[in-house]
Every structure is written in C-alpha cells, then in structure tokens.
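See structure below.
What follows is calculated from the coordinates using simple rules that are stated; it is not laboratory data. Since this is a predicted model, take the numbers as computed values, not measurements. No Cβ is skipped: glycine too gets one built from the backbone with ideal geometry, and neighbour counts run over all protein chains shown.
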Amino acid sequence: MKKISLIAAVFALSFASNAYAGDCTVHYVRTACPGMETESYSKCGGTKECDKVEQAPSEAACVGIAKRACANTRLTITKSKLITAKYDGKALKGPIGGNFCSQSRPDFNQCGKK
C-alpha cells in the first residue's frame, strides 16, 4: 500500500510542478540575408518579427529558452536575430541592451559564405 501511495504522490507532484509554470514569451526579430526574406521570415508566418509562447517553471528557465532561440542553423537565409523575452508579462533583461543574442555569434553574419 505504501508503494502505491508513493507512486501516487510522485504523480501528483509532477502535475503540481506544471501547474506553477508561467508564460515565457520570446520575441523574435530576424534580419534576412539579401533576397531571402520570404524564407527567413517563414518561421514568423511571413513577417520579420513575432512572439512565441512556451511554458517555463521560472524566469531562469525562460532566460534559457531565450538564449537557445538565438541559435541560427539557416546561415545563408537568416543573417541575425534579436531575441527578447518576458516571463508572465515581466520583461527579462538580456545582456545586450535587453537582447539575448550577441551580434558577434559565429552563426550570424554568414550570408554568402560557404
């Protein structure tokens, strides 16, 4: 009986931790490589900027989501990104004037390079 109670408690706690998750709103602003606007902006429904909302258990987790959003795998399509974030409506301060992405990242400014 104790084993079942322990399993039930762990199961309940997993739901409780999700109940306390907040909204992490990540704001994307992309700069496209020349002539690649359509492809670059496709991840924002065809516009240069958009918000994407994820659940995060804390401000620190939201900062991690924002930092990961800086990654650019489409080197010949997207020149760079500006990423800002809010956690439950509160603006989170990125280290570069509110932005989380350094423009000197090795995956930025690679347009035309192979």
Pairs with Cβ under 7 Å, 6+ apart, first in segment 59-72 and farther than 16 Å from ALA91 by Cβ, second surrounded by fewer than 20 Cβ atoms within 10 Å (Cβ to Cβ) and of a type in the set (Phe, Trp, Tyr): ASN72/PHE108
Residue among ALA56, ALA71 that alone is of a type in the set (A, V, I, L, M, F, W, C) and within 15 Å of ASP23 (Cβ to Cβ): ALA56
Scan of segment 72-114 for residues that are surrounded by fewer than 14 Cβ atoms within 10 Å (Cβ to Cβ) and within 16 Å of CYS50 (Cα to Cα), ordered by number: GLY89, ALA91
